[in-house]
(Lines give C-alpha, C1' and ligand atoms only; values in the text may rest on other atoms or scores of the structure.)
Protein backbone atom coordinates (compact mmCIF):
# COMPACT_ATOMS: atom_id res chain seq x y z
CA UNK A 1 0.00 0.00 0.00
CA UNK A 2 1.30 3.46 -0.92
CA UNK A 3 1.94 5.97 1.87
CA UNK A 4 0.13 9.22 1.04
CA UNK A 5 1.28 12.45 2.62
CA UNK A 6 -1.21 15.18 3.46
CA UNK A 7 -0.63 18.10 1.09
CA UNK A 8 -3.78 20.02 1.93
CA UNK A 9 -3.25 23.61 2.96
CA UNK A 10 0.16 23.92 1.29
CA UNK A 11 0.92 26.74 -1.11
CA UNK A 12 1.64 25.92 -4.75
CA UNK A 13 5.38 26.46 -4.28
CA UNK A 14 5.44 24.24 -1.20
CA UNK A 15 3.77 21.51 -3.26
CA UNK A 16 6.29 22.02 -6.07
CA UNK A 17 9.15 21.72 -3.57
CA UNK A 18 7.85 18.27 -2.69
CA UNK A 19 7.69 17.35 -6.38
CA UNK A 20 3.92 17.71 -6.67
CA UNK A 21 1.83 19.80 -9.01
CA UNK A 22 -0.06 22.82 -7.68
CA UNK A 23 -3.37 21.96 -6.09
CA UNK A 24 -6.25 23.00 -8.34
CA UNK A 25 -8.65 25.53 -6.90
CA UNK A 26 -12.16 24.85 -8.05
CA UNK A 27 -14.68 27.64 -8.60
CA UNK A 28 -16.13 28.78 -5.31
CA UNK A 29 -13.23 27.38 -3.27
CA UNK A 30 -10.71 29.55 -1.49
CA UNK A 31 -7.03 29.20 -2.24
CA UNK A 32 -4.88 28.25 0.75
CA UNK A 33 -3.57 31.30 2.60
CA UNK A 34 0.17 31.68 2.88
CA UNK A 35 1.65 32.64 6.23
CA UNK A 36 4.75 34.64 5.23
CA UNK A 37 7.59 35.27 7.64
CA UNK A 38 7.61 38.74 9.18
CA UNK A 39 10.40 40.12 6.91
CA UNK A 40 8.43 39.10 3.81
CA UNK A 41 5.26 40.72 5.15
CA UNK A 42 7.17 43.91 6.01
CA UNK A 43 8.74 43.84 2.55
CA UNK A 44 5.27 43.80 0.98
CA UNK A 45 4.27 46.93 2.87
CA UNK A 46 7.55 48.61 1.94
CA UNK A 47 6.84 47.93 -1.74
CA UNK A 48 3.42 49.52 -1.28
CA UNK A 49 4.81 52.56 0.58
CA UNK A 50 7.63 52.96 -1.95
CA UNK A 51 5.16 52.83 -4.83
CA UNK A 52 2.99 55.50 -3.21
CA UNK A 53 6.07 57.70 -2.65
CA UNK A 54 7.17 57.15 -6.25
CA UNK A 55 3.78 58.29 -7.56
CA UNK A 56 3.68 61.23 -5.15
CA UNK A 57 7.16 62.25 -6.28
CA UNK A 58 5.99 62.58 -9.86
CA UNK A 59 2.77 64.29 -8.80
CA UNK A 60 4.96 66.79 -6.95
CA UNK A 61 7.06 67.22 -10.09
CA UNK A 62 3.88 67.85 -12.09
CA UNK A 63 2.83 70.47 -9.54
CA UNK A 64 6.16 72.26 -9.95
CA UNK A 65 6.11 71.94 -13.73
CA UNK A 66 6.86 75.63 -14.27
CA UNK A 67 10.17 75.30 -12.39
CA UNK A 68 11.14 72.35 -14.58
CA UNK A 69 10.18 74.30 -17.70
CA UNK A 70 12.24 77.29 -16.53
CA UNK A 71 15.22 75.01 -15.95
CA UNK A 72 14.97 73.71 -19.53
CA UNK A 73 14.49 77.21 -20.95
CA UNK A 74 17.64 78.42 -19.17
CA UNK A 75 19.58 75.41 -20.47
CA UNK A 76 18.49 75.83 -24.08
CA UNK A 77 20.78 77.82 -26.34
CA UNK A 78 19.13 77.04 -29.69
CA UNK A 79 17.06 80.07 -30.80
CA UNK A 80 14.81 77.82 -32.93
CA UNK A 81 13.39 76.17 -29.80
CA UNK A 82 10.64 78.31 -28.33
CA UNK A 83 9.35 78.35 -24.79
CA UNK A 84 6.07 76.85 -26.04
CA UNK A 85 7.92 73.91 -27.57
CA UNK A 86 9.72 73.30 -24.28
CA UNK A 87 6.47 73.64 -22.33
CA UNK A 88 4.73 71.09 -24.55
CA UNK A 89 7.67 68.67 -24.37
CA UNK A 90 8.09 68.93 -20.60
CA UNK A 91 4.37 68.50 -20.02
CA UNK A 92 4.26 65.36 -22.15
CA UNK A 93 7.41 64.04 -20.49
CA UNK A 94 6.06 64.57 -16.98
CA UNK A 95 2.79 62.82 -17.83
CA UNK A 96 4.84 59.97 -19.27
CA UNK A 97 6.87 59.72 -16.04
CA UNK A 98 3.73 59.79 -13.90
CA UNK A 99 2.16 57.00 -15.97
CA UNK A 100 5.41 55.05 -15.73
CA UNK A 101 5.46 55.46 -11.95
CA UNK A 102 1.91 54.10 -11.76
CA UNK A 103 2.83 51.12 -13.96
CA UNK A 104 5.96 50.35 -11.92
CA UNK A 105 3.97 50.61 -8.69
CA UNK A 106 1.38 48.16 -10.00
CA UNK A 107 4.14 45.76 -11.07
CA UNK A 108 5.82 46.06 -7.66
CA UNK A 109 2.53 45.31 -5.92
CA UNK A 110 1.71 42.35 -8.15
CA UNK A 111 5.07 40.70 -7.64
CA UNK A 112 5.26 41.65 -3.95
CA UNK A 113 1.90 39.94 -3.48
CA UNK A 114 3.18 36.84 -5.25
CA UNK A 115 6.40 36.94 -3.19
CA UNK A 116 4.28 37.14 -0.06
CA UNK A 117 2.76 33.84 -1.18
CA UNK A 118 6.25 32.31 -1.43
CA UNK A 119 6.80 32.49 -5.19
CA UNK A 120 10.54 32.46 -5.80
CA UNK A 121 10.33 33.91 -9.32
CA UNK A 122 8.41 36.91 -7.97
CA UNK A 123 11.31 37.59 -5.61
CA UNK A 124 13.66 37.49 -8.58
CA UNK A 125 11.52 39.93 -10.56
CA UNK A 126 11.40 42.24 -7.53
CA UNK A 127 15.18 42.15 -7.46
CA UNK A 128 15.48 43.25 -11.09
CA UNK A 129 12.63 45.79 -11.36
CA UNK A 130 14.15 48.43 -9.03
CA UNK A 131 17.37 48.38 -11.06
CA UNK A 132 15.37 48.91 -14.25
CA UNK A 133 13.54 51.77 -12.54
CA UNK A 134 16.81 53.33 -11.37
CA UNK A 135 18.28 53.04 -14.85
CA UNK A 136 15.23 54.77 -16.32
CA UNK A 137 15.17 57.47 -13.64
CA UNK A 138 18.83 58.37 -13.92
CA UNK A 139 18.81 58.15 -17.71
CA UNK A 140 15.66 60.08 -18.55
CA UNK A 141 14.42 62.00 -15.52
CA UNK A 142 15.39 65.67 -15.69
CA UNK A 143 14.78 66.34 -12.00
CA UNK A 144 14.79 64.06 -8.98
CA UNK A 145 12.62 64.70 -5.97
CA UNK A 146 13.26 63.64 -2.41
CA UNK A 147 10.15 61.50 -2.56
CA UNK A 148 11.53 59.56 -5.54
CA UNK A 149 14.83 58.98 -3.75
CA UNK A 150 12.98 57.90 -0.59
CA UNK A 151 10.95 55.44 -2.69
CA UNK A 152 14.13 53.96 -4.13
CA UNK A 153 15.53 53.58 -0.61
CA UNK A 154 12.37 51.73 0.48
CA UNK A 155 12.66 49.45 -2.56
CA UNK A 156 16.27 48.59 -1.67
CA UNK A 157 15.28 47.77 1.92
CA UNK A 158 12.37 45.64 0.65
CA UNK A 159 14.70 43.65 -1.61
CA UNK A 160 17.15 43.06 1.24
CA UNK A 161 14.31 41.76 3.43
CA UNK A 162 13.42 39.20 0.76
CA UNK A 163 16.96 37.77 0.85
CA UNK A 164 17.49 37.47 4.61
CA UNK A 165 18.68 34.03 5.69
CA UNK A 166 15.62 33.63 7.91
CA UNK A 167 13.28 33.68 4.88
CA UNK A 168 15.30 31.59 2.42
CA UNK A 169 13.24 28.49 3.22
CA UNK A 170 10.05 30.37 2.40
CA UNK A 171 11.15 30.65 -1.25
CA UNK A 172 11.76 27.01 -2.17
CA UNK A 173 13.67 26.00 -5.24
CA UNK A 174 11.41 24.27 -7.70
CA UNK A 175 12.46 20.65 -7.93
CA UNK A 176 13.30 19.00 -11.20
CA UNK A 177 10.92 16.45 -12.64
CA UNK A 178 11.78 12.92 -11.49
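The values are calculated or read from the model by the stated rules, or taken from the named source; none is laboratory data. All values derive from a computational prediction rather than experimental measurement. Glycine gets a Cβ as well: all are built from the backbone with ideal geometry, and neighbour counts include every protein chain shown.
Conditions tested, residue by residue: (1) touching a strand residue (DSSP E or B) at 6+ places or on another chain (Cβ under 8 Å); (2) exposed (fewer than 13 other Cβ atoms within 10 Å of the Cβ); (3) within 20 Å of residue 43 (Cα to Cα).
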residue: 68; (1), (2), (3): no, no, no
residue: 73; (1), (2), (3): no, no, no
residue: 84; (1), (2), (3): no, yes, no
residue: 99; (1), (2), (3): no, yes, no
residue: 109; (1), (2), (3): no, no, yes
residue: 138; (1), (2), (3): no, yes, no
residue: 155; (1), (2), (3): no, no, yes
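Of all the residues in the range 140-153, those that are surrounded by fewer than 17 Cβ atoms within 10 Å (Cβ to Cβ), part of a helix (DSSP H, G or I) and out of contact with any helix residue (DSSP H, G or I) (no Cβ under 6 Å at 6 or more places or on another chain) number 4. Test residue 107 against the criterion of being farther than 16 Å from residue 39 by Cβ and in contact with a helix residue (DSSP H, G or I) (Cβ under 7 Å, 6 or more places away or on another chain), and give yes or no. When the stated conditions are applied, residue 107 passes them. Out of 147, 129, I need the residue that is under 11 Å from the mean Cα position of the chain (by Cα) and at pLDDT below 95. Which one? Selected residue: 129, the only one of 147, 129 that is under 11 Å from the mean Cα position of the chain (by Cα) and at pLDDT below 95. With respect to (1) in contact (Cβ under 8 Å) with a residue 12 or more places away in the chain; (2) part of a helix (DSSP H, G or I), the lone exception for residue 118 is condition (2).
Being modelled with pLDDT of 95 or more, in contact with a helix residue (DSSP H, G or I) (Cβ under 9 Å, 6 or more places away or on another chain) and either part of a helix (DSSP H, G or I) or within 19 Å of residue 57 (Cα to Cα) (or both) is the requirement here; does residue 159 meet it? In short, yes.
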